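Worksheet for the structure shown next.
The values are calculated or read from the model by the stated rules, or taken from the named source; none is laboratory data. Predicted model only: the values in this text are computed from it and were never measured. Every residue, glycine as well, gets a Cβ built from its backbone with ideal geometry; the counts of neighbours run over all protein chains shown.
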Amino acid sequence: MLDLRKIELATEEDKEYKIDYWARFFKAKTWEEIKVLASKYPIIADAAVSIREMTEEEEIRALCETREDYDRIERTWKFEIAELKKANDNLQEANDNLQEANDNLQEKNNHLNEINDNLQKELADANSEKEELLAKIVALETQINK
């Protein structure tokens, strides 16, 4: 068993088989540390190359996944924008229809106001005629009664 936290406790046998190098290799935090170890022990250099290739593949895979995520999000946004544009167009059409209906109602209201004004005038004229006729009747009754 290899405990990376206790490399300094490596035995002479561990050092003879370079297990302490392998422990330092797995514990390394930078590529520079790995390069130093690789320069001293060729098998670690081979392992470092393999890890670097796998890391690069992971980086490329991560970049591809990031690009796919971006494309998916962009497609979603484009779809949502298209849906919002459709909704806006429908809303504009409904607004236009409502304005047209409002204009028609206003036109009919104006027409009804004209009819009402004409009826009011006719009623006023009829009341005037009625008053004139009543006055004539009263005058005639007065002449008859004299």
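Annotations for the structure displayed:
One line per residue, one yes/no per condition, for (1) basic (Lys, Arg); (2) farther than 30 Å from TRP31 by Cα; (3) at pLDDT 95 or above:
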position	(1), (2), (3)
CYS64	no, no, no
PHE79	no, yes, yes
ALA82	no, yes, yes
HIS111	no, yes, yes
ASN116	no, yes, yes
ILE137	no, yes, no
LEU140	no, yes, no
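- GLU57 assigned to a helix (DSSP H, G or I), out of contact with any Gly (no Cβ under 8 Å at 6 or more places or on another chain), surrounded by fewer than 10 Cβ atoms within 10 Å (Cβ to Cβ) and not β-branched (Val, Ile, Thr): no
- Any hit, the range 122-137, residues being touching a residue at least 12 places away in the same chain (Cβ under 8 Å) and either of a type in the set (D, E, K, R) or part of a helix (DSSP H, G or I) (or both): no
- A residue that is within 30 Å of TYR17 (Cβ to Cβ) and either in a helix (DSSP H, G or I) or free of Cβ contacts under 8 Å to residues at least 12 places away in the same chain (or both) occurs nowhere in the range 74-87.
- Contact annotation: no residue pair with Cβ atoms under 7 Å, 6 or more positions apart or on different chains, pairs a residue in the range 45-67 that is at negative phi with a partner that is surrounded by fewer than 10 Cβ atoms within 10 Å (Cβ to Cβ) and of a type outside the set (A, V, I, L, M).
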